[in-house]
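Notes follow the structure.
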Amino acid sequence: MQLNSEIQREADLSIYSVNKLIAEARRIAADYRRATGKTLSGVSSEIALHDACHHLDLELEKEPVSGFDAVGHGKRDGQRVQIKARAIFDEKKGGQRIGQLKLDKEWDLLVLVLLNEDFESFEIYEADRQSIEEALNENSSSSARSKRGAMSVARFRNIGHLVWTPEEGEVEDDEVWENRGG
């Protein structure tokens with residue numbers, strides 16, 4: 001029994017340590033941006049991976065080169081999830097884009113974690129692969145970006161649905177609001 005409690009304590013400490021490190025990364029990234037006007041490369045992505053897994057019951061993939069970042073549990077059980085991040089420093093400023101989508105890889109869901117100026121998650125959206133591909137195909141004849149798997153945050157918000165906010169936590173299926181305005 002002693003061994004099991006030691007293993008549990010180590011697991012608890014490692015989870016606590018990661019949470020503590022992510023909190024420090026948020027603070028450093030926000031301070032750096034305020035001081036220099038530039039963002040620290042890669043920090044948003046790491047924070048988004050952590051937050052998506054924590055809030056949506058996902059498990060990080062050990063080998064992310066497979067085309068997806070995490071595997072779902074619970075209502076997303078077994079689904080392969082690609083996770084993207086975007087820090088939004090000025091909501092009024094349009095044109096924000098999400099990173100290149102891995103359309104040539106295997107994945108089922110795309111999750112977009114939106115971060116504020118303090119690198120805190122304020123919304124998480126998700127969309128299934130079919131919806132993403134259909135949206136990209138609609139624009140493919142007119143946009144080289146669509147052909148490369150690039151998409152704006154606004155477009156993703158329109159085709160996806162809100163699944164998490166800090167106020168509500170994970171949004172239940174019957175509470176999901178449609179964000180498909182005309």
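The values are calculated or read from the model by the stated rules, or taken from the named source; none is laboratory data. Quick caveat, the model's predicted, so the values are computed rather than measured. All Cβ positions, glycine included, derive from the backbone under ideal geometry; neighbour counts span all protein chains shown. The area values use the complete protein model at the heavy-atom level, side chains included, leaving out ligands, DNA and RNA. Shrake-Rupley method; radii C 1.70, N 1.55, O 1.52, S 1.80 Å.
Overview of values
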| read-out | value |
| --- | --- |
| Matching residues, the stretch 60-79, being open to solvent by 70 Å² or more (accessible area, probe 1.4 Å), more than 17 Å from Gly99 (Cβ to Cβ) and free of Cβ contacts under 8 Å to residues at least 40 places away in the same chain | Leu60, Lys62, Glu63, Asp77 |
| Residues of the stretch 75-103 satisfying the condition of being charged (D, E, K, R) and part of a loop (DSSP other than H, G, I, E, B) | Asp77, Asp90, Glu91, Lys92, Lys93, Lys102 |
| Where a residue in the stretch 36-59 is farther than 19 Å from Val163 by Cβ and its partner, wherever it lies, is in a helix (DSSP H, G or I) and of a type in the set (Ser, Thr, Tyr), with Cβ under 7 Å and at least six apart | Leu40/Tyr32 |
| Test: residue in the stretch 112-133 that is at pLDDT below 95 and open to solvent by 20 Å² or more (accessible area, probe 1.4 Å) | yes |
| Residues within the stretch 41-53 that are touching a helix residue (DSSP H, G or I) at 6+ places or on another chain (Cβ under 8 Å) and either at pLDDT below 95 or of a type in the set (Gly, Ala, Ser) (or both), tallied | 1 |
| Filtered residues of the stretch 61-95 (kept if on the phi < 0 side of the Ramachandran plot and modelled with pLDDT under 90) | Lys62, Glu63, Pro64, Val65, Ser66, Asp90, Glu91, Lys92, Lys93, Gly94 |
| Filter result (open to solvent by 60 Å² or more (accessible area, probe 1.4 Å), within 22 Å of Gln82 (Cβ to Cβ) and in a helix (DSSP H, G or I)) within the stretch 20-56 | Ser45, Glu46, His54 |
